[in-house]
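Let me begin by presenting the structure, written as structure tokens, before commenting on it.
The values are calculated or read from the model by the stated rules, or taken from the named source; none is laboratory data. Owing to the predicted nature of the structure, the values given are computational and were not obtained by experimental measurement. No Cβ is skipped: glycine too gets one built from the backbone with ideal geometry, and neighbour counts run over all protein chains shown.
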Amino acid sequence: MDLGASIGKKHVLVTGAASGLGAHFARVLARCGAKVSVGARRRDRLEALVGALRGAGAGGAAAFDLDVADKGSVVSAFEAAEAALGAVDVVINNAGIADGAAAIDTPPEAFDRVIATNLRGVWLVSTVAAQRWRDAKRGGAIVNIASILGFRVSGGTAAYAVSKAGVVQMTQAHALEWARYGIRVNAIAPGYIETDINAGYFETEHGQAMIKRIPMRRLGQPEDLDGALLLLCSDASRWMTGATIPVDGGHLVSTL
Ligand code: NAI
């Protein structure tokens with residue numbers, strides 16, 4: 001199987017692509033020749049990215065406003081992406097937010113914000129994609145960006161960890177229900193990678209101590225996710241569904 005060619009034929013939609021991992025995923029897929037649609041709330045940051053994607057070899061690139069917490073916005077984003085670049089083949093549910101408060105001090109509104117983006121947002125984008133694929137009688141692939149905090153816990157990240165555990169379970173539930181439509185649903189559970197979402201944390205004493213507990217003794221780089229990303233977006237994973245792949249320098253198997 002020609003892995004690069006398989007990705008180069010696809011139209012991939014990436015949520016939350018204005019920064020960090022989402023922007024990186026878009027660039028990696030563009031270099032494989034894929035058509036890449038990027039959505040985020042910060043549209044200004046997307047325009048520069050679209051230029052870079054075209055320069056990197058994308059088969060096409062388009063940007064649109066997207067708030068994953070708003071169903072109307074999700075539907076409009078799919079319509080805009082398909083009008084610009086044709087039917088979407090792969091969706092990467094990357095948009096996410098963190099909340100650094102201890103559970104006991106987390107107001108319900110803050111909990112709701114995390115769940116609305118990280119869990120309900122993934123649900124909304126996935127169901128809109130699946131309905132469109134089912135109605136058009138074509139398959140598709142969904143790649144959810146979960147976290148190792150979907151499997152284990154760390155102080156001060158309760159709402160986030162709960163949301164990501166939900167994403168792991170959602171990956172399995174959607175995989176089970178949608179295999180009949182030719183839709184595959186898998187996830188990547190990254191370990192710690194320095195981006196806007198955790199900026200500053202790794203300079204703290206707690207952050208430095210955390211890095212020492214990673215068996216491979218370093219933070220991840222966005223490039224460390226490329227193998228899992230290309231596997232799950234391409235036909236190389238055509239018999240995989242419901243899987244969540246940890247990519248974390250061994251963090252999940254750190255000693256207790
Ligand atoms: P980031 O903060 O740079 O990127 C998150 C993006 O999501 C931002 O561009 C933000 O504007 C966007 N976003 C937030 N709410 C949105 C909404 N309602 N609608 C549309 N877009 C929205 O952080 P990063 O690290 O790139 O995070 C990407 C994903 O990776 C997130 O789901 C995060 O939970 C996950 N992740 C990150 C890890 C890390 O160490 N950086 C580790 C494990 C998972």
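Listed residues Arg152, Arg134; which is more than 23 Å from Arg41 (Cβ to Cβ), of a type in the set (Lys, Arg) and in contact with a Leu (Cβ under 8 Å, 6 or more places away or on another chain)? The unique qualifying residue is Arg152. Within the stretch 119-145, residues that are basic (Lys, Arg) sit with their Cβ atoms under 7 Å from residues that are within 16 Å of the ligand (Cβ to nearest atom), at 6+ positions apart or across chains, in these pairs: Arg120/Ala69; Arg132/Phe78.
Within the stretch 19-36, residues that are touching a residue at least 24 places away in the same chain (Cβ under 8 Å) have Cβ atoms under 7 Å from residues that are within 9 Å of the ligand (Cβ to nearest atom) and β-branched (Val, Ile, Thr) in these pairs: Ser19/Thr195; Gly20/Thr195; Gly20/Ile197; Leu21/Ile145; Leu21/Ile193; Leu21/Thr195; Gly22/Thr15, counting only partners at least 6 apart in sequence or on another chain.
Looking at this structure, is Ser73 of a type in the set (Ser, Thr, Tyr), more than 15 Å from the ligand (Cβ to nearest atom) and either within 25 Å of Leu119 (Cα to Cα) or part of a helix (DSSP H, G or I) (or both)? Answer is no for this residue. Annotation note: Cβ proximity below 8 Å between a residue of the stretch 89-118 that is under 20 Å from Ala40 (Cα atoms) and buried (at least 21 other Cβ atoms within 10 Å of the Cβ) and a residue that is of a type in the set (D, E, K, R) and modelled with pLDDT under 95 (sequence gap 6+ or interchain) occurs for Val114/Asp99. No other residue among Arg134, Arg184 is over 14 Å from the mean Cα position of the chain (by Cα), assigned to a helix (DSSP H, G or I) and either closer than 22 Å to Arg31 by Cα or of a type outside the set (Ser, Thr, Tyr) (or both) apart from Arg134.
Across the stretch 37-59, which residue is farthest from the ligand (Cβ to nearest atom) among those that are free of Cβ contacts under 8 Å to residues at least 40 places away in the same chain and touching an Asp or Glu at 6+ places or on another chain (Cβ under 8 Å)? This residue is Arg43.
Yes/no matrix, rows are residues, columns are (1) surrounded by 15 or more Cβ atoms within 10 Å (Cβ to Cβ); (2) touching a Ser or Thr at 6+ places or on another chain (Cβ under 7 Å); (3) modelled with pLDDT of 95 or more; (4) farther than 18 Å from Gly22 by Cβ:
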site	(1), (2), (3), (4)
Gln172	yes, no, yes, yes
Ala179	no, yes, yes, yes
Ile183	yes, no, yes, yes
Asn186	yes, yes, yes, no
Gly191	yes, no, yes, no
Glu203	no, no, no, yes
Leu229	yes, no, yes, no
Leu232	yes, no, yes, no
Gly242	yes, yes, yes, yes
